[in-house]
Amino acid sequence: MAHPLYVSFIWHQHQPLYKSRVTDRYRLPWVRLHGTKDYLDLVLLLARYPKLHQTVNLVPSLILQIEDYVAGKAFDPYLEVALTPTEQLSDRQRQFILEHFFDAHYPTLIAPHPRYAQLHSQTQEKGLPWCFQNWGLQDYSDLLTWHNLAWIDPLFWDDPEIAQWLEKGKDFTLSDRQRIYSKQRQILGRILPQHRQMQDSGQLEIITSPYTHPILPLLADTDAGRVAVPQMALPQARFQWQADIPRHLVRAWEMYQERFGQAPRGLWPSEQSVSPQILPYVAQQGFQWLCSDEAVLGWTIDHYFNRNEFGNLQDPEILYRPYRLETPQGDLSIVFRDHRLSDLIGFTYSNMEPQQAVADLIAHLEAISRTLQSRQPDGGTALEEPWLVNIALDGENCWEFYQRDGIPFLENLYQQLSDRPHLKLVTVSEFLDAFPPTTTLPVDKLHSGSWVDGSFTTWIGDPVKNRAWDLLAAARQVLANHPEATETANPEAWEALFAAEGSDWFWWFGEGHTSNQDALFDQLFREHLVALYKALDEPIPEVLYQPLESHAAHQDHSPQAFIYPDINGCVDEAWEKAGRIEVGGARGTMHRSSVIQRLWYGFNHSHFCLRFDFQAGTRPGIDCPPELNLLWFYPDRLKINSPIPLTQVPAEPPLSYRFHYRLGINLLDSTTWLEEAVEYDQWQSRSHQVQFGLDQCLEIAVPWADLHIEPSWPVRLIAVLAKDGQFASYLPENTLVPLQMP
């Protein structure tokens, strides 16, 4: 029997609990804003293509908050100032508006709207203090309006009221802002009914996650962190509360049944985190399948997934199948996502033209199909077995970076898939019903890990994360000391515990991830614990009134996410998630006079990117050496390397290292050249598509495609300034910039 290539999309829709259990007010607006931009339009677009079936995960903590907003019971600080008459705004509120009402991706949510872009430009050119002193009430009113209006998905712009506001553009009133809030609630009110309708029609499968999105393996035992990282530093108190796992699963199950009229079949374990310890509880609750990441499968079967130069698996039959997990409570199926394909949608395609991005994704799927065909024993030209490519990712955040919130990309993709019978979109349960797993993974061999490198380092192991686990463990023990405080007798205590057990707080603590809301996440976590102590009438530990860490501006740090800057020499917010190395004034007296003050670095699936910030007033190439050389090599890879081709280079590391590529940029005449090391310590010119922009700063983007390397290869780089071929200086001092091809 011939089969198409089956493809399952799983969209993960999640927000943590932003409601303070101390003030009973919401701290952040993201459920409301993403609710008007991301959750409804995704399935409405799919409904236009009835042949295509997909899976959506609606996390219980998200559902609860959507319902609060629909009922008019949720008010966040952003909403409160938006509904305040501008003449009544306090100085503190006006400062808050200036600092936070541009919280949006500039190219897609601000720049397309002239008045919003004008206000943003004033903050950039004149500074926030000037705006605070000189803006009138109408400026604040328009900014309050546009922050809410810009987050309404373009799919709804043909609504007469929304179209009227967009056409009006400025001079908005309190009445406009009130009506926009009403429109937000209308859109939010359609989310759950639309999902249920499409579930009932068979086009959509809805799945769920543990109640407040905890990392279940760490609830079972924080020592699980050492499975992937044996030397991990763990919290002082070992957290072992397996009894909390069924509590989260029961609540998720019951919420699902109440909203969607049937029992859920699939479980998205929070952060795709699994371990042998959690499986009996998942099966006991009645779930039939769960999903995780290819890294977990690789660790489980001790297999490294090799990809070719195009990023496609060389052994696809290992990943593109479901597996069976046998437990005493019943069998479970598990599917593992293709990490690279998921990341392409999540991080890369937004930086491409929609048609080009769709063509690339379709090409990957067809290449998978051809590879599977070529590996069949009889060499047939059709797939003789059913294979499932699982693409699973965040279903909300990525669209902010796409043109028109992803509508052109998704419409093109859905049309292309509808027109290709050899590619069939199915829900996971549809596939499992037709083709149950035939390969068993021993439960005791299942790796304990998540989608992040197959480990739990994002949530435990850092000193601040560990301190948070210790606070949680202490509070959990206090609750255990009150056997009379059952879930029925004292629900407030248990709800506070469940909220504090959520994964999101630990994500933001310590190193690895940061945002301009770090202090609020810290505060919310501690407020959940404070609420637990209050519900038990226990003394509140003084430590819960102190931040877990300082939230002053971070200095040096590694990249926090893929970055997609416009390479034009102008500073923009795309670099906020980049790695940063302070140069001038940060590394001793040697560099205090450096004209380059800061180096930013990061990458995405298509390029690695660098930004050099100059000292104020510096004329690049005039007040500093005119030639910038970027040199890099690939550690642990057998490549020909050559020494730096300059004179007067100090014979000390890292300048004494040998490098494989050299990119040169003349800051005066804007010429660029790329050279590759060849035999006998020589360098040979290579063609390239390097981009750079020089204005407020120097920005550089180097395509991975120019370098002919393979995915996951590490890169180590330095920057050397020179004049007339003679070494002048280098940065960063005594170290190398670490990069890695995705």
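Under the condition of being polar (S, T, N, Q), at pLDDT 95 or above and within 21 Å of residue 154 (Cβ to Cβ), which residue from the stretch 403-418 is surrounded by the most Cβ atoms within 10 Å (Cβ to Cβ)? So, considering only residues that are polar (S, T, N, Q), at pLDDT 95 or above and within 21 Å of residue 154 (Cβ to Cβ), the one surrounded by the most Cβ atoms within 10 Å (Cβ to Cβ) is 412. Listed by position, the helices (runs of 4 or more DSSP H) enclosed by the stretch 63-140 that each have at least 3 residues that are more than 30 Å from residue 351 (Cα to Cα) are 77-82, 91-100, 128-134.
Report, by residue number, each residue of the stretch 313-339 that is over 20 Å from residue 426 (Cα atoms) and buried (at least 20 other Cβ atoms within 10 Å of the Cβ). Hits for the stretch 313-339 are 313, 325. Just to be sure before I move on: is residue 509 crowded, with 17+ Cβ neighbours inside 10 Å, among the aromatic types (Phe, Trp, Tyr) and in the same structural domain as residue 103 (by TED's automatic domain parsing) in the structure I sent? No, not satisfied.
Inspect all residues belonging to the stretch 434-447 and state whether any of them is closer than 20 Å to residue 226 by Cα, touching a residue at least 60 places away in the same chain (Cβ under 8 Å) and of a type in the set (Ser, Thr, Tyr). No; the residues of the stretch 434-447 include none that is closer than 20 Å to residue 226 by Cα, touching a residue at least 60 places away in the same chain (Cβ under 8 Å) and of a type in the set (Ser, Thr, Tyr).
For the stretch 81-96, the candidate set comprises residues that are buried (at least 18 other Cβ atoms within 10 Å of the Cβ) and touching a helix residue (DSSP H, G or I) at 6+ places or on another chain (Cβ under 6 Å); within that set, the residue that is farthest from residue 178 (Cα to Cα) is 86. With a requirement of 2 or more residues that are in contact with a Lys or Arg (Cβ under 7 Å, 6 or more places away or on another chain), of a type in the set (A, V, I, L, M) and over 18 Å from residue 446 (Cβ atoms), none of the strands (runs of 3 or more DSSP E) lying completely within the stretch 289-383 satisfies it.
If you go through the stretch 377-402, how many residues are surrounded by fewer than 18 Cβ atoms within 10 Å (Cβ to Cβ) and under 18 Å from the mean Cα position of the chain (by Cα)?
2
Residue count for the stretch 695-715 under the criterion of being modelled with pLDDT of 90 or more, part of a strand (DSSP E or B) and surrounded by fewer than 19 Cβ atoms within 10 Å (Cβ to Cβ): the result is 1.
When residue 235 is tested against (1) touching a Phe, Trp or Tyr at 6+ places or on another chain (Cβ under 9 Å); (2) more than 29 Å from residue 192 (Cα to Cα); (3) in the same structural domain as residue 67 (by TED's automatic domain parsing); (4) modelled with pLDDT of 95 or more, exactly one condition is not met: (3). Just one of (1) at pLDDT below 95; (2) farther than 22 Å from residue 304 by Cα; (3) surrounded by fewer than 16 Cβ atoms within 10 Å (Cβ to Cβ); (4) not basic (Lys, Arg) fails for residue 374. It is (2). Just to be sure, is residue 494 farther than 29 Å from residue 362 by Cβ, touching a Ser or Thr at 6+ places or on another chain (Cβ under 8 Å), outside any loop (DSSP other than H, G, I, E, B) and aromatic (Phe, Trp, Tyr)? No; evaluated as a whole, the condition is false for this residue.
With respect to (1) free of Cβ contacts under 8 Å to residues at least 60 places away in the same chain; (2) surrounded by fewer than 22 Cβ atoms within 10 Å (Cβ to Cβ); (3) not acidic (Asp, Glu), the lone exception for residue 65 is condition (2). Exactly one residue out of 688, 708 is touching a residue at least 12 places away in the same chain (Cβ under 8 Å) and touching a helix residue (DSSP H, G or I) at 6+ places or on another chain (Cβ under 6 Å): that is 688. Mind listing whichever residues of the stretch 555-572 are over 17 Å from residue 691 (Cα atoms), surrounded by fewer than 16 Cβ atoms within 10 Å (Cβ to Cβ) and touching a helix residue (DSSP H, G or I) at 6+ places or on another chain (Cβ under 9 Å)? Residue satisfying the conditions is 561 alone. The test for being closer than 30 Å to residue 493 by Cβ and in contact (Cβ under 8 Å) with a residue 60 or more places away in the chain does not hold for residue 39.
Answer yes or no: is there a residue in the stretch 593-607 that is closer than 21 Å to residue 724 by Cβ and within 33 Å of the chain's Cα centre (by Cα).
Taking the stretch 593-607 as the starting set, the residues that turn out to be closer than 21 Å to residue 724 by Cβ are 594-596.
Next cut, within 33 Å of the chain's Cα centre (by Cα) only: 596.
Within the stretch 593-607, one or more residues are closer than 21 Å to residue 724 by Cβ and within 33 Å of the chain's Cα centre (by Cα).
Within the stretch 160-188, the residues that satisfy the criterion of being under 21 Å from residue 69 (Cα atoms) and either part of a loop (DSSP other than H, G, I, E, B) or not charged (D, E, K, R) (or both) are 162, 174, 175, 178, 180, 181, 182, 184, 186, 187, 188. Among the residues of the stretch 599-656, none is identified as on the phi > 0 side of the Ramachandran plot, surrounded by 18 or more Cβ atoms within 10 Å (Cβ to Cβ) and of a type in the set (Asp, Glu).
Is there any pair with a first residue in the stretch 479-502 that is under 15 Å from residue 530 (Cα atoms) and outside the structural domain of residue 20 (by TED's automatic domain parsing) and a second that is among the β-branched types (Val, Ile, Thr) and in a loop (DSSP other than H, G, I, E, B) whose Cβ atoms are under 6 Å apart and which are 6 or more apart or on different chains, and what are they? As it stands, the answer is 498/212; 499/212, since those pairs meet every condition given.
The values are calculated or read from the model by the stated rules, or taken from the named source; none is laboratory data. Computed from a prediction, not measured in an experiment: that's the story for all the values here. Positions of Cβ are backbone-derived with ideal geometry, glycine not excepted, and every protein chain shown enters the neighbour counts.
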